[in-house]
Amino acid sequence: MPTNPAGWLVTVAKNRAVDRIRRDQTLRRKTELLIPPEETEPMDDTAIPDERLSLVFACCHPALGIEAQIALTLRSLGGLETGEIARAFLVPEATMAQRLVRAKRKIRDAGIPFRVPPDDVLPDRLAAVLRVVYLIFNAGYGPPVRHELCNEAIRLAAMLALLMPDESEAHGLHALLLFQDARREARVRDGSLVLLEDQDRALWDAGEIAAGRRALERALSLPARGPYAIQAGIAAAHSEGASDWAIVAELYARLAELEPSPVVELNRAVAVAMADGPEAGLAIVDAIDGLDEYYLFHSARADLLRRLERVDEARAAYTRASELAPSGVERDFLAGRRSAL
């Protein structure tokens, strides 16, 4: 507890306001680079109608690797700190800091222009832009919740869906964020994390769920359905009166085929455990490599071991998960689970 709580709050609020003003000033300066000279023709109707989205497309230059594009955009425009970006990529903060330095050096040395790309190359940059918006939302989803990041990500996703109405993944991402955001108020109760199966579904935002279904229907009506459309389908399977875990497990299997990764496999394992029992899920978890520094890997494994009454192993896994958890809310939740064994 600070010695002067009121003074501490005032100082924090003032610093927050100064940071916001500086970010807005930086955005205005960068936006000026996008304004065409007076002697050129004005932008036509196909130009990107949102300044911040224009800047995201400008930063996602194909001369950089896609991870560098995403990381640099999140740092420059998304308001995320290096540590937050590192957690999103499951790498140490020092590693991410080096990647950002190398990306900035490449921009300088190669003379990569900072400008909005022409409309005909926008689809080539869409994958990176979608990932940026997705990670901004995840950073805001918390805990702790940062409403301004969630709201901005949803707004950008809606703009992308309007800008590219024939891109299934733009609608899929929009649907996914709406479904997830609908549960925002139910995820934390009295400062404690509430798991999906324990959430009060009456607190879920019915309007956002309905909008998410409409966006998902649009995504599924288009060809080339990708990972965001599948993830939106998974979120939709949770949005009824009860989660349909068999469908969730099936969709995660499809997602693993389309975009294989240890994190997708971990989510599939949890769904399989809910549908077919903890032993089936644990067999999948124990076969996953590369997530030893990811707290949700140990948390999921601990929960499965708890359900199998393997108490000592569950206690050790909860301890490891708590050591790696990024926030106090999550650490407190894991400590509570461990104490309840």
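The values are calculated or read from the model by the stated rules, or taken from the named source; none is laboratory data. Note that the structure is predicted; figures quoted are calculated from it, not measured. Here the Cβ positions follow ideal geometry from the backbone for every residue, glycine too, while neighbour counts run over all protein chains shown.
Of all residues in segment 145-171, those satisfying the criterion of being over 25 Å from SER192 (Cα atoms) and not in a helix (DSSP H, G or I) are MET164, PRO165, ASP166, GLU167. Residue pairs whose Cβ atoms lie under 7 Å apart, separated by 6 or more positions or on different chains, with the first residue in segment 84-96 and on the phi < 0 side of the Ramachandran plot and the second of a type in the set (Asp, Glu) and assigned to a helix (DSSP H, G or I), are ALA86/GLU93; PHE89/GLU67. A single entry from ALA215, ALA210 fulfils the requirement of being in a helix (DSSP H, G or I), without any contact (Cβ under 8 Å) to a residue 12 or more places away in the chain, farther than 30 Å from VAL285 by Cα and of a type in the set (Gly, Ala, Ser): ALA210. Number of residues in segment 224-243 that are of a type outside the set (Ser, Thr, Tyr) and assigned to a helix (DSSP H, G or I) equals 10.
Among the conditions (1) over 23 Å from the mean Cα position of the chain (by Cα); (2) farther than 26 Å from ILE247 by Cα, the only one that GLU293 does not satisfy is (1). For first residues located in segment 140-154 and free of Cβ contacts under 8 Å to residues at least 24 places away in the same chain, partners that are outside any helix (DSSP H, G or I) and lie 6+ apart or on another chain with Cβ distances below 6 Å form the pairs GLY140/ARG146. Scanning segment 244-256 for any residue that is of a type in the set (Ser, Thr, Tyr) and part of a helix (DSSP H, G or I) turns up at least one such residue. With respect to being of a type in the set (Val, Ile, Thr) and at pLDDT 95 or above, VAL270 fits the description.
Summed over segment 324-337, the residues that are in contact (Cβ under 8 Å) with a residue 24 or more places away in the chain and either surrounded by 17 or more Cβ atoms within 10 Å (Cβ to Cβ) or part of a helix (DSSP H, G or I) (or both) give a count of 9.
Scanning segment 179-230 for residues that are surrounded by fewer than 16 Cβ atoms within 10 Å (Cβ to Cβ), aliphatic (A, V, I, L, M), under 25 Å from GLY328 (Cβ atoms) and in contact with a helix residue (DSSP H, G or I) (Cβ under 6 Å, 6 or more places away or on another chain) gives a single hit, LEU203. Are any of the residues in segment 146-155 among the small types (Gly, Ala, Ser), within 21 Å of the chain's Cα centre (by Cα) and modelled with pLDDT of 85 or more? Yes, because at least one residue in segment 146-155 is among the small types (Gly, Ala, Ser), within 21 Å of the chain's Cα centre (by Cα) and modelled with pLDDT of 85 or more.
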